[in-house]
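K.L.:
Sending over a structure as structure tokens; questions will come in a sec.
We did not get these values from a lab; they are worked out from the coordinates using the rules stated. Source: prediction; values computed, not measured. Ideal geometry is used to build each Cβ from the backbone, glycine not excepted, and the neighbour counts take in all protein chains shown.
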Amino acid sequence: MIGTVISIDRVEKRFGTFTALHGVSVDIADNEFFTLLGPSGCGKTTLLRCIAGFEPVSGGQIRLNGEDIAPLPPYRRPVNTVFQHYALFPHMTVLENAMFGLQRLGWGVVDAEGRARQALELVHLSAFLKRRPGQLSGGQQQRVALARALAPEPRVLLLDEPLSALDLKLRQAVRMELKQIQRETGIAFVFVTHDQEEALTMSDRIAVMSDGRVQQVGTPREIYESPANRFVADFIGETNLIEVPVLNISNGLAEVSLPGGRAIQCPTRLVDATQGVLSVRPERIDLCAPSEADLIATAGAQVYLGTDIQLKAHLAGGEQMTVRLQNAAATVLPQSGARLGLRLEAGAARLLAA
Amino acid sequence: MAAMAPGGASGSDIYKGNAVKLLLPTWLVIGVFLLIPVMLMAVYSFLTKEFRGGVIWEFTLTAYDQFFLNRGLFGDDPASIEWTYIGIFWRSIWQAGLATILCLLIGFPTAWFIATRDARMRTVWLLIVTVPYWVNLLIRTVSMKFLIRDEGPLNAALMWSGIIDAPLGIINTNLAVQLGLFYSYLPFMVLPVYAAVERYDFSLSEAAADLYASRWTILRLVILPVVKPGIIAGCILVFVPSLGAFLAPDLLGGAKSFMIGSLIEEQFKGAAGNWPFGAASAMILMAIVMIVLLAYARSQTRETRT
């Protein structure tokens, strides 16, 4: 890839008999907001710690601008980290915290202080230079951690779930700010999170991980709309997964038979299969008259979500589907137990490996 | 240190209890068994000595005069500075300081080791460190005398193995006293340092390494400052009792390793005692300790204010 800053090449990590990373390979571009997304225990934090140098790799290479940094100790890698619980030095002031990395790199006090002040200005903390971390709120501490890691201008900034300790409102505000700071500084951010909303709203590209493997790498849109497999479809957002027999596949288009007998065409990455799983997002299903429906179902429980209303629908074969209806004035909600026609919007369904 | 605890003052005081009631027993104990005897001691130091021990209620500065000034055998020579007792004090401070440094050098890695084990092993190691201290200090000091004396097992083993061909002659030296002090007070260093290291957040070390600090720099700039309260507590807990120790110098030391503790002890023991002089020595010792502690407290408040 052109402009690759970090190339993770078949990285293995074993803890005793447990394998945390199975030959993970990912290329991260310069100036990119790259997210490692996955459930806890998927290896995303381990991978981040391998890049930072806190965990020695068991195999593979981590190349920074072509040079393998895997054998280097953390203090020789031009990479900085924002820790989940910030790890600010409690005995130093905010300014001293931000100067720490620069001084270790051999900067003079005056230059280091100037740069640290700039970094703190970037995160709007100029008024708190003389405070100690214990005197700051969680959000302010998080900014200090960010300024401290940005001050030495690393080639890559690693962020280990930095927003998880903040409350919801603050988290949403900081998201936008982080993204903006990434744009301004032009430093590649590698962001670890288990929060898919965070990943979708901030990232240029996302690597979805599970069980120590990368399941899919792509833009938020690609990940959400064209999931590579069942895990990705299920983990990102909500989806309906329906087991279906495959009638025919050609040129990335599959013909499948829906429960109830109706055949539809949908995109797929599969080349050849007789059985598959159809993934349909709940918001891409509409209600319609049974006569023109793709699926016939019985209306079940409703959950009121504010902007949306979630409706459970039971197919004749016992499968349960979820439909999301907009909470608009025109929306007519079916009575529980009523017969429903469900229509899949064009391109809504996607065939995945069973 | 005050700046380190965030948000302690928030919330209701209902469950913090009543300060006066909580402290009442402590105040009673300190008042009856500490303040009154210390004040008594202060008064005694200004009284006249009774030859068979005890005091005569006649106020005089003789005890302090005797401590600092030499007026000859019959008290009629011109006064010159008396170096004997100042020398004993100086040796005591030096010995106690050295014991403190030794305890720190050995206690810190020990405490670090224990604090980085898993929770179950920590308890086991702490027990191992403290078990010897269930034996009376006198017995332990006597055993040490037995161990290091010229005819003892240490010299015997070294001579048998051919490393030395004459006994080391450690007993009755400053070195023997030093060994005794160091050994007596080591746990007082290990325990507070352990408590501080156990609370240490190791992600701070990772953060420092991430910010280009080598291992040595991390120790110097992050670990030591963060665990400093534990180190200071340990140093005080070792230094203060070492300064006043009398068992180790009495049993392990010779005439040239006499320390303050022994000097004071002798003044109150038997018929040869001089109570006012012993009391004055104790007052001077206390003054030194207080000055050291106050100077430290001052430096701390200045540090947190800036």
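K.L.:
Please give the Cα centre distance for region B:158-201 versus region B:47-73, rounded to the nearest Å.
P.N.:
Cα centroid to Cα centroid, the span is 38 Å.
K.L.:
Hey, got the average number of other protein chain Cβ atoms within 10 angstrom for residues in A:90-103?
P.N.:
Partner Cβ neighbours, averaged per residue: 4.
K.L.:
Helix check for chain B. Which DSSP H runs span at least 27 Å along their own axis by Cα, with a mean Kyte-Doolittle hydropathy no less than 0.5?
P.N.:
Long hydrophobic helices here: B:83-115, B:174-199, B:224-244, B:275-305.
K.L.:
Next up: Which is the longest part of chain B that has none of the GluC sites (Glu not before Pro) sitting in a DSSP loop with at most 12 other Cβ atoms within 10 Å?
P.N.:
B:152-306
K.L.:
Report the net charge of residues surrounding A:A297, where surrounding means a beta-carbon distance below 15 angstrom and charges are Lys +1, Arg +1, Asp -1, Glu -1. All intermediate terms of the calculation are to be shown ahead of the outcome.
P.N.:
Working: positive: A:R262, A:K312, A:R324, A:R339, A:R343; negative: A:D286, A:E292, A:D294, A:E319.
In short, +1.
K.L.:
Also, quick follow-up: What do you get for Rg/Rh of chain A when both radii come from the Cα atoms and Rh is the Kirkwood radius?
P.N.:
Reported Rg/Rh, Kirkwood definition of Rh: 1.07.
K.L.:
So what's the gap between the Cα centers of region A:230-308 and region A:19-93, to the nearest angstrom?
P.N.:
38 Å
K.L.:
Same structure again: Which log10 I(q)/I(0) values does the protein assembly as shown give at q = 0.05, 0.07 Å⁻¹ under the Debye formula, counting every alpha carbon as one identical point scatterer?
P.N.:
Debye intensities relative to I(0), on a log10 scale: -0.44, -0.71.
K.L.:
Within a Cβ distance under 10 Å of B:S203, other residues only, what is the Lys/Arg minus Asp/Glu net charge?
P.N.:
Once positives and negatives cancel, what remains is -4.
K.L.:
Can you tell me the orientation of helix A:168-185 relative to chain A, as the angle in degrees between its alpha-carbon axis and the longest Cα principal axis, to the nearest 10?
P.N.:
60 degrees
K.L.:
Follow-up. By how many degrees, 0 to 90 and rounded to 10, does the Cα axis of helix A:138-150 deviate from the longest principal axis of chain A?
P.N.:
70 degrees
K.L.:
How well do other chains shield peptide B:225-238, expressed as the mean number of their Cβ atoms within 10 Å of each residue Cβ?
P.N.:
Neighbouring Cβ atoms belonging to other protein chains average 1 per residue here.
K.L.:
Further, regarding this structure: Can you pull the mean other chain C-beta count within 10 Å for peptide A:104-115? Write out the running numbers ahead of the final one.
P.N.:
Values: counts 9, 2, 1, 0, 0, 0, 0, 0, 0, 0, 0, 0.
Average neighbour count from other chains, rounded to a whole number: 1.
K.L.:
Could you tell me how many degrees, from 0 to 90 and to the nearest 10, lie between the Cα long axis of helix A:109-122 and the main elongation axis, the longest principal axis, of the Cα atoms of chain A?
P.N.:
20 degrees
K.L.:
Continuing with the same structure: Which value in Å does the Kirkwood hydrodynamic radius of region A:238-352 take, with 1/r averaged over all unlike C-alpha pairs and then inverted? If you can, show how the numbers build up before the last one.
P.N.:
Numbers: mean 1/r = 0.0689 Å⁻¹.
About 14.5 Å, per the Kirkwood formula over Cα pairs.
K.L.:
Counting only DSSP beta bridges with both residues in the protein assembly as shown, what percent are antiparallel, rounded to the nearest 5?
P.N.:
In the protein assembly as shown, DSSP labels about 75 percent of beta bridges as antiparallel.
K.L.:
Counting only other residues whose beta carbon sits under 14 Å from that of A:S40, what net charge do I get with K and R as +1, D and E as -1?
P.N.:
Summing Lys/Arg as +1 and Asp/Glu as -1 gives -3.
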